[in-house]
Amino acid sequence: MMKRFSKPWKALLLAVPMLVCSLSGQAGEYEIEFATPSEGQIKNANNFLIWTYAINGTVNDLKYNADKHVLSFSIPAGGVAENSLTLTTSQRFSGTIKNIDVICSEDPNLTIEVSAGNNNPEVLTVNNYNSKTGSYRLSLSFGVQSETLSLKFKAVGADASVLNLKKVIIYIDDSVYPIFYDTSVTFNYEDLKNAVLSNYSYKGILFTLNESGGDGIENEDGGAIYMGTPFTDAAVENLHNRVKNHNYHPGDPGYAIDFSGGITMMVARGKGFFELEALTESNYAYHVRIGDAAPVEFVYTNRQTLSVPYNVSKDTYVYIYLVDKSPSSSRSGTRIGKRGTAHGIVYSVRCSTAPIEKTDISVYVDYIMKRDDFIFHNADRNGDYKINAADIVDVLNIE
């Protein structure tokens, strides 16, 4: 483990060229290769710690072929004890895993259990092997928020020889991702006027609006979202629990139907404030729910900003939706704005996650060392989904 420097920025400046070339954002496609395993660790070709591994029972001949850049090992069939090799990433992933490809040269007789963090594993069986691509593919729709990924290899029925395990490719759906530190998102009318907002991602914010019911974008102060479909807190509680249990995730067609009329986004793990700039009709309110927390109510008939504090240990979904506060016998209202069915308007959202201080520049050393307490979204100072010299210089210039 690297010793912490008394002035960590000096050591960090030496690493800037490596950071510029090798660090990237948290969304998209990840290709993780293998290099020499030793003492429970597997590093990549640039000597970065990528995987740790654990053996249960018996695993034989774990070795690395430097010429072909592949791992090989054998697992005897499990008897009383389960024989398995578990590989766990050092990197955390944020978003929703859509697919995982495990690339090896031939079809071994095994299963692969895939899990993220403490979530229940998904099982990738021998039947998923594609001889043309030389890969197992698991389609997961598996929501993860800043979690590590584990692959457990187990023999099935007979000994399994895993030859030429080359790489793992992880496909992350970035329909919803956290708003970065001290960033406001407004809704540009020109960007959204032709978009199908019934299931549309914009700057990491997912609109599942009820366009047939009159929801949509209007050219007010450059762009504003008009909403008219009320929900109950119980319905959103059920929606959130289904997402937590991986029954579906934001971006799925079913989710768009069940949350038709709502907005979904994320806050990054850590402390901060989520801000909603909006207004509602007199008999309606906006509710803002952050993960498992109770919803916070916004009731203003003139344009105001609601600030909701949060402290979350992982990237967490935020749900924004209307509720009907009028008695069932009285549905009178003014129907705000240009759309006759609208009950509320959202002008902007903002996330002010607690920023890192100048003395916290060791966060970049934490990234290099793949430490678990690294917070990507706070380190990406300019919100370009990369960590590079510009972010470091920005921190060094903090007064």
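Some observations on this one:
- Residue tally, condition surrounded by fewer than 15 Cβ atoms within 10 Å (Cβ to Cβ) and at pLDDT 80 or above, over region 32-54: 1
- Qualifying residue in region 244-260 (condition: open to solvent by 10 Å² or more (accessible area, probe 1.4 Å), in a strand (DSSP E or B) and in contact (Cβ under 8 Å) with a residue 40 or more places away in the chain): yes
- Selection within region 273-312 - in a strand (DSSP E or B) and closer than 24 Å to D173 by Cβ: F274, V288, R289, I290, Y310, V312
- Scan of region 90-110 for residues that are of a type outside the set (D, E), in a strand (DSSP E or B) and either modelled with pLDDT under 75 or surrounded by fewer than 22 Cβ atoms within 10 Å (Cβ to Cβ) (or both), ordered by number: F93, S94, G95, T96, K98, N99, I103
- Which numbered condition D233 fails, given (1) open to solvent by less than 10 Å² (accessible area, probe 1.4 Å); (2) of a type outside the set (S, T, N, Q); (3) in contact with a Pro (Cβ under 6 Å, 6 or more places away or on another chain): (1)
- Note on region 171-198: residues that are open to solvent by 20 Å² or more (accessible area, probe 1.4 Å), more than 15 Å from Y319 (Cβ to Cβ) and either assigned to a strand (DSSP E or B) or not aliphatic (A, V, I, L, M) (or both) amount to 16.
- Count of residues meeting criterion [assigned to a loop (DSSP other than H, G, I, E, B) and open to solvent by less than 70 Å² (accessible area, probe 1.4 Å)] in region 313-322: 1
- For F259, the conditions (1) under 25 Å from the mean Cα position of the chain (by Cα); (2) of a type in the set (F, W, Y); (3) farther than 19 Å from E211 by Cα are fulfilled apart from (3).
- Yes/no for I225 being within 18 Å of the chain's Cα centre (by Cα), open to solvent by less than 40 Å² (accessible area, probe 1.4 Å) and under 17 Å from A195 (Cβ atoms): no
The values are calculated or read from the model by the stated rules, or taken from the named source; none is laboratory data. Computed from a prediction, not measured in an experiment: that's the story for all the values here. For neighbour counting, all protein chains shown are included, and Cβ atoms are generated from backbone atoms with ideal geometry for every residue, glycine included. Heads up: the accessible areas ignore ligands, DNA and RNA and are worked out on the full protein's heavy atoms, side chains in. Shrake-Rupley method; radii C 1.70, N 1.55, O 1.52, S 1.80 Å.
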